[in-house]
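The values are calculated or read from the model by the stated rules, or taken from the named source; none is laboratory data. Note that the structure is predicted; figures quoted are calculated from it, not measured. Cβ sites come from the backbone with ideal geometry, for glycine too, and all protein chains shown count toward neighbours. These area figures cover heavy atoms from the full protein model, side chains too; ligands, DNA and RNA do not enter into them. Shrake-Rupley method; radii C 1.70, N 1.55, O 1.52, S 1.80 Å.
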Amino acid sequence: MTDTATPFRWGILGVARINRSLVGPLASNGHQLLAIASRSLARAKTYAEVQGIPRAYGSYEELLADPDIDAVYIPLPHSLHVEWAVKAAEARKHVLVEKPIALEGSGVRTLQSAARGHDVVITEAFMYRHHPLVAKVRELAHDGTIGRLQGVRGTFSFALDRPGDTRLDPEYGGGSLWDVGCYPVSFARTIVGTRPLSVQAAANWSPAKIDLSFFGQILFPDDVVAHVHSSFESPFKTEMEIIGSEGRLLVRHPFKPEMSETIEVMTARETTIVTVEGPALYQGEVDDVRAAAREGRPPLVTLDESLDHVETLTALLKAARSGNTVEV
């Protein structure tokens, strides 16, 4: 039986900017945000005071040692995700890890072993996946509404102009594909529903050899093709288009859907709008961790799925660097 009376108690490792989006969900709807940790105790205390978090720790290890915490959210730089997710699992904490969950397939396999070995939930924080919008798009893509599915086109771009940002640093897993390109790749894989066969790609590289702009092509079974674009150099844009033999679907806010979101369905006969209602952004992913932990079921975004996703991303980067077609 699921325990619905006792709050599900969270800690956060780090004081990253993305925390501003999670503080509310982690403290609502049967959740309690109990602690925050930083490498600086003073910084953690200041953050805790501003956000109304009861406990502050001057190291991540101290927070993981707190026996009152059920789960942790990890928004650290990309290259630190696997290390701290494993340490959290060893401390018997369930884990919600910011995307990308790892920078190599081997990292995801390490997390799979940690989750099994310590009987905890570890899942990747693709918040858009928890909105019913995604399931509806997939239904419309495969039920004949737009004919035979032929392709997917997606983009996520914005101008990154903050010097010193870790997303520009190769040591921390920088690059537009890892940071925002992972969204259209994830969305395309979710809608198509099969593992890619091969990829091709090109990129504009920074002097530090991270991709500032990325253009990828993904070939799926049955001749379905996805084109994805990400950039730190272009104006803000998010969009997913699903193309069929008799029409197309257009999703204008695919990665941060509103509670009421729309899908434009365009065929030769007419254009209609399908409206989909869902939870507040980010609430679905934290509710899913709690439900998976308490019900003993897999999370919505499984580590098997994350492994396929990370292997697709690494294949795309290999293709862009080599100029060759790369099998996934």
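Find the accessible area per residue for the stretch 101-201; the probe is 1.4 Å, ligands and nucleic acids are left out, and the unit is Å².
37
Which semi-axes, in whole Å and largest first, does the equivalent ellipsoid of the stretch 221-286 have when worked out from the alpha carbon gyration tensor as the square roots of 5 times its eigenvalues?
Its equivalent ellipsoid spans semi-axes of 23, 19, 13 Å.
Once you charge only the Cβ atoms, +1 for Lys and Arg and -1 for Asp and Glu, what is the size of the charge dipole of the stretch 1-108 about its Cα centre, to the nearest 20 debye?
With Lys and Arg at +1 and Asp and Glu at -1, about 320 debye.
Given Cα pairs under 8 Å that are at least 6 residues apart, what percent is the relative contact order of the stretch 54-209?
Value for the stretch 54-209: 19 percent.
Dividing the Cα radius of gyration by the Kirkwood radius, what Rg/Rh value follows for the chain?
0.97
Please report the projected area of the stretch 1-95's Cα convex hull averaged over all directions, in nm².
In nm², the orientation-averaged hull projection of the stretch 1-95 is 6.0.
Sorting check: for 76-89, 263-276, which peptide has the highest mean count of neighbouring beta carbons within 10 Å, and how do the rest follow?
Ranked from most to least packed, the peptides come out as 76-89, 263-276.
Using +1 at the Cβ of each Lys and Arg and -1 at the Cβ of each Asp and Glu in the chain, identify which of C182, V251, W205 lies farthest towards the dipole's positive end.
Checking the options against the dipole of the chain, the answer is W205.
Using the Karplus equation 6.51 cos²θ - 1.76 cosθ + 1.60 (θ = phi - 60°), what ³J(HN,Hα) coupling, rounded to whole Hz, does each residue of the stretch 162-177 give in order, writing x for Gly and Pro?
For the stretch 162-177, the Karplus curve yields 9, x, x, 4, 4, 6, 9, 10, x, 4, 9, x, x, x, 5, 5 Hz.
In degrees from 0 to 90, rounded to the nearest 10, what is the angle of the helix 81-90 Cα long axis to the longest principal axis of the chain?
Taking the Cα atoms of the chain, the angle to 81-90 is about 50 degrees.
Based on Cβ point charges of +1 for Lys and Arg and -1 for Asp and Glu, what charge dipole magnitude is obtained for the chain about its Cα centre, in debye rounded to the nearest 20?
Computed about the Cα centre, the dipole is about 360 debye.
Using a 7 Å offset from the Cα along the Cα-to-Cβ direction at both D165 and D222, what is the distance between the two label points in nm, to one decimal?
The two pseudo-label positions are separated by 3.8 nm.
Is the stretch 58-173 best put as rounded, prolate or oblate by its Cα gyration tensor, with a ≥ b ≥ c the root eigenvalues, rounded for a/c under 1.5, and otherwise prolate when a/b is larger than b/c, oblate when not?
It is oblate, given that a/c is not under 1.5 and a/b is not larger than b/c.
What number results when the radius of gyration of the stretch 206-252, computed over Cα atoms, is divided by 2.2 N^0.38 Å?
1.47
Once you sort the root eigenvalues of the Cα gyration tensor of the stretch 175-284 as a ≥ b ≥ c, which label holds: rounded (a/c under 1.5), prolate (a/b larger than b/c) or oblate (the other case)?
Oblate is the answer for the stretch 175-284, as a/c is 1.5 or above yet b/c matches or exceeds a/b.
Only Cα pairs within less than 10 Å get springs; with that Gaussian network setup on the chain, which residue of S198, S260, S230 has the largest fluctuation?
S260
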